Every structure is written in structure tokens, then in C-alpha cells.
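The values are calculated or read from the model by the stated rules, or taken from the named source; none is laboratory data. Note that this is a predicted model, so its numbers are computed, not measured. A quick note on method: Cβ atoms are made from the backbone with ideal geometry, for glycine too, and the neighbour counts reach across all protein chains shown. Accessible surface is based on the protein model in full, side chains and every heavy atom, while ligands, DNA and RNA are left aside. Shrake-Rupley method; radii C 1.70, N 1.55, O 1.52, S 1.80 Å.
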Amino acid sequence: MKTRAAVAVGAGKPLEIMEVDLEGPREGEVLVEIKATGICHTDEFTLSGADPEGIFPAILGHEGAGVVVDVGKGVTSLKKGDHVIPLYTPECRSCPSCLSRKTNLCTAIRSTQGQGLMPDGSSRFSIGGEKIFHYMGCSTFSNFTVLPEIALAKVNPDAPFDKICYIGCGVTTGIGAVINTAKVEIGSTAIVFGLGGIGLNVLQGLRLAGADMIIGVDINNDRKAWGEKFGMTHFVNPKEVEGDIVPYLVNMTKRGADQIGGADYTFDCTGNVKVMRQALEASHRGWGESIVIGVAGAGQEIATRPFQLVTGRTWKGTAFGGARGRTDVPKIVDWYMEGKILIDPMITHTLKLEDINKGFDLMHAGESIRSVVVY
Ligand code: NAD
Ligand code: 022
Ligand code: ZN
């Protein structure tokens with residue numbers, strides 16, 4: 001069949017809207033009509049050419065929602081008409097990682113996914129016989145796309161596509177980092193560095209978890225009002241603090257008779273390795289945990305004095321909020337439908353596919369929290 005898609009033709013070039021050939025689903029695969037997709041940082045990272053693993057030409061996009069149109073042989077968990085969210089972290093429930101119960105990083109299709117291919121080693125996309133690569137196993141910048149059954153979460157059909165697509169990455173990453181990775185307890189203190197599309201979701205995760213003091217840190221003062229909407233209790237702009245931000249934050253979080261400061265949990269949502277160090281060092285002596293969510297540029301390294309760890313701080317990382325997609329994503333959609341979490345205010349821009357490059361410009365300029373393309 002033919003489908004309309006925004007094609008990444010080369011590094012640093014704008015996406016081009018084209019008619020693309022799409023082959024139907026093979027065994028264990030599902031054809032999905034994408035109804036809406038968010039634009040996220042990794043799409044930009046890959047398109048810019050900064051991603052050393054980026055492959056072109058490709059169809060980017062990994063934050064979508066849509067409807068099952070057709071299923072291949074052997075597909076049992078999905079049928080035509082089901083509403084689904086694509087998963088860049090699949091959940092096969094049978095690989096050693098899934099069975100370990102210790103990680104969400106399913107390995108069933110990992111190597112082919114990284115090469116921009118379906119699990120059988122081929123691509124379903126082409127133009128005039130020339131192969132177009134898949135991206136993060138999703139390629140949601142195409143109106144129709146093919147995914148493995150294990151990379152689709154079946155969700156409530158009443159949920160609006162133009163909002164729940166954000167659960168495909170940003171919402172689940174932020175809320176999941178709090179609930180699955182940090183396992184924040186009621187009454188905790190927390191600091192969130194970077195109040196963008198991820199940090200705001202960490203804030204609402206902390207509110208859901210019952211954290212007491214929720215400090216937001218951002219160099220952009222416009223983000224104060226945003227943070228307050230999602231549960232932030234205090235705001236700090238590092239540019240307006242004299243000297244080092246770490247002692248300032250430690251002082252703010254002093255509690256108890258011994259007056260040792262530092263937050264129980266801190267989160268990096270910037271991708272800046274200097275900020276990652278600040279986040280670790282602003283966590284509490286003896287038990288503080290710092291969660292790295294931000295993805296740093298290729299070749300970047302983090303540093304701290306080992307003493308920071310010896311004195312009981314823990315550095316952790318999280319991918320897709322530690323969520324097991326087929327199990328957890330439908331629950332997050334239900335939380336949205338029940339009003340437990342907010343999504344609508346974070347979707348600051350809605351665009352047509354023809355205007356997708358505008359969405360990248362808005363993200364670049366820091367003008368958007370999330371732009372969503374509606375097909
Ligand atoms: P964003 O650009 O919307 O937000 C980043 C925020 O950080 C901005 O508000 C910016 O002003 C602020 N900031 C920049 N430098 C700062 C500094 N020195 N101190 C404090 N704040 C600073 O980005 P986003 O969409 O929220 O994504 C954040 C990061 O999370 C990115 O690196 C993204 O790739 C990553 N991410 C990771 C996962 C995962 O699974 N681990 C998933 C999605 C996104
Ligand atoms: C999503 N991300 C950033 C913004 N939006 C993002 C990027 C990378 C990862 C997670 C989220 C990530 C963390 C760890 C891994 N990835 C490796 C997983 C593994 O090896 O099992 C990651 C993922 C997918 C891809 C590349 C890296 C890919 O499909 N190309 C989950
Ligand atoms: Zn993303």
C-alpha cells in the first residue's frame with residue numbers, strides 16, 4: 001500500500017513529506033494507522049546528525065497512538081480496530097530480561113530495532129524500490145506503519161489519540177521514573193532539574209506519589225508557572241543563585257535534628273552531564289538517590305568524587321521510566337481518563353503533518369512543551 005510520511009532524507013535536512021510504499025504485516029507483525037504523534041528530543045537528535053547510530057533515509061517518530069488495521073499470521077493479542085500505542089521499548093514477556101523482573105529493557109528484537117529493521121531483518125518501507133529504515137521500532141511520522149505485536153500496548157478506545165500519544169514517551173518516562181525507578185514514598189523530598197516535557201511529568205509523578213517538598217530547577221523563569229501547575233512547591237533558577245547551586249539546594253532541604261540537607265530523590269531531566277553531577281550531589285547523605293533520565297550527547301561522561309557514593313548516595317538511570325509497555329502503558333492511559341494525571345495543558349501545539357518541521361523549530365526555540373502532529 002501507499003502511505004503519507006515525513007521522511008528524514010539525510011542528517012541536518014528538513015523532513016520531506018512523501019508518498020511511501022508500505023508492505024503489509026508479516027508473521028507476528030501488525031499494521032497500524034497512526035492517528036497522532038508527538039515530536040520528541042531523540043527525533044531531533046537523530047535528524048540533526050549528532051546521533052552516531054542515526055541511519056538515513058528513515059521515518060522517525062516514536063511517540064504515537066493509532067488503530068490496528070491488519071494483523072499478520074500468528075498475532076493473537078491484537079485484532080483489527082484495537083486502539084494501540086507503539087512501544088520503543090517492547091515487552092515480549094519471554095526473553096531473559098523480561099523474565100528477570102529486574103528490568104524493562106526487553107532484548108527480544110533489540111539488535112534489529114537498533115539497525116532500523118523489523119525483527120526478520122528487512123524493512124516494510126520503501127520508495128521506488130529504495131529501502132527506507134524504521135526508527136526505534138515505531139516510525140510514527142508515517143500515517144501507516146508496521147510494528148511487531150510485542151511493541152504495541154492495547155489501550156482504552158475512548159481515549160483521545162492527540163493526547164495519549166504523549167504516553168508513548170514523555171508521560172510514561174517522567175511518571176515511571178518516579179514510580180518504577182525511584183519508588184518514591186509518601187512524604188519524600190525531591191528535586192527535579194529541567195522542567196520541560198519530561199521534568200513536568202516527573203513533577204506530576206511526585207505529586208501522585210505523595211512527595212512533600214518538590215523543588216523544580218530550571219534556567220528558564222517561564223518554567224516556574226509551568227512547574228506549579230504540576231505539583232512543584234519551590235522553584236530555583238540556578239542563574240539567579242550566587243555561587244554553587246548544590247549547597248543552596250542542600251540548605252533548602254535541611255530537615256531533622258541533625259540538619260543534614262539534600263533531597264531523598266533527585267532527577268536529571270536535562271541531558272547535561274554537569275547537571276547530572278549537581279543532581280547526585282544535591283541528594284541526601286546516606287540514602288539519596290539520583291535518577292538520570294536525560295540522554296546526553298555522544299561521548300559525554302559523568303563525574304563525581306567517589307566519596308559522594310561512599311557516603312551513601314546512589315546514581316541510577318532509567319529508560320522509558322522503567323515501564324513494561326504492554327502492562328503499564330494501558331494503566332497510564334486509564335489514569336489519564338480518570339483525571340489522575342494531566343496531559344492536555346502540556347500539549348502546547350497541534351500541527352498537520354505538512355507542518356512537522358515547524359514542530360522541530362518550536363522545540364529548538366524552547367517555545368513548546370510538546371507539539372503533536374494529527375493525521
Ligand atoms: P526539554 O528541552 O523540553 O526540557 C529541558 C529543560 O531543561 C528546559 O526547560 C531547559 O530550560 C532546562 N535546562 C537546560 N539546562 C539546564 C540547566 N543547566 N539547569 C537546569 N535546567 C536546565 O527536554 P525534555 O523533552 O523534557 O527532555 C529532557 C531529556 O530527557 C532529554 O535529554 C531527552 O532526550 C531525555 N529523555 C529520556 C528518556 C529516557 O527514557 N531516559 C525518555 C525521553 C526523554
Ligand atoms: C526517548 N528517548 C529519549 C527521548 N525520547 C530515549 C532514548 C534512548 C533510550 C530511552 C529513551 C534508551 C535507553 C537505553 C537504551 N535506549 C538501550 C536499550 C537496550 O539496549 O536495550 C534505547 C532504546 C531504543 C533505541 C536506542 C536506545 C532504538 O530503538 N534505536 C530504548
Ligand atoms: Zn521520546
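Take each peptide in 257-264, 27-34, 60-67, count the other Cβ atoms within 10 Å of every residue, and average; sorted highest first, the result is 60-67, 27-34, 257-264. For region 302-313, 3J(HN,Hα) computed residue by residue from phi via the Karplus equation (6.51, -1.76, 1.60; θ = phi - 60°) reads 9, 9, 7, 7, x, 3, 4, 7, 4, 8, x, 8 Hz, glycine and proline entered as x. Distances between placed amide hydrogens fall under 5 Å for residue 36 paired with 65, 375, all partners being 5 or more residues away or on another chain.
Coupling constants for region 148-157 follow from the phi torsions by the Karplus curve (6.51 cos²θ - 1.76 cosθ + 1.60, θ = phi - 60°), and in residue order they are x, 3, 6, 10, 9, 9, 8, 10, 3, x Hz; glycine and proline get x. Across the alpha-carbon set of region 1-94, the Rg to Rh ratio works out to 0.99, Rh being the Kirkwood radius. Residues whose amide H lies under 5 Å from that of residue 351, counting only those 5 or more places away or on a different chain, are 372, 373, 374; hydrogens are built 1.01 Å from N in the peptide plane. Under the convention that each Lys and Arg Cβ holds +1 and each Asp and Glu Cβ holds -1, the size of the dipole of the chain around its Cα centre is about 840 debye. Size descriptors for the chain: radius of gyration and Dmax over Cα atoms are 20.7, 72 Å.
P(r) tail for region 133-254, what percent of Cα pairs lie past 22 Å? Percent of Cα pairs beyond 22 Å in region 133-254: 46. Using a probe of 1.4 angstrom and keeping all protein chains present, the accessible surface of the chain works out to 42 square angstrom per residue. Across region 298-351, Cα-Cα pairs more than 14 Å apart make up 74 percent of the total. Here the accessible area of region 162-250 is 51 percent carbon and sulfur, with a 1.4 angstrom probe and all protein chains present. Taking only protein heavy atoms and a 1.4 Å probe, the accessible area of region 37-114 is 54% carbon and sulfur. Taking every DSSP bridge with both residues inside the chain, close to 55 percent are antiparallel.
Using the Karplus relation 6.51 cos²θ - 1.76 cosθ + 1.60 with θ = phi - 60°, the per-residue 3J(HN,Hα) values for region 167-181 come to 5, x, 8, x, 5, 5, 4, x, 5, x, 4, 6, 7, 8, 8 Hz, with x marking Gly and Pro. Helix content alone sets the calculated 222 nm mean residue ellipticity of the chain: runs of n ≥ 4 DSSP H residues at -39500 (n - 2.57) each, divided across all residues, give -6500 deg cm²/dmol. Put simply, when 359-371, 238-250, 294-306, 194-206 are sorted by average Cβ atoms within 10 angstrom per residue, most first, you get 194-206, 359-371, 238-250, 294-306. Computed packing ranks the peptides 48-59, 328-339 as 328-339, 48-59, most packed first, by mean other Cβ atoms within 10 Å. Here is the tail figure for region 218-337: Cα pairs spaced more than 16 Å apart come to 69 percent of all pairs.
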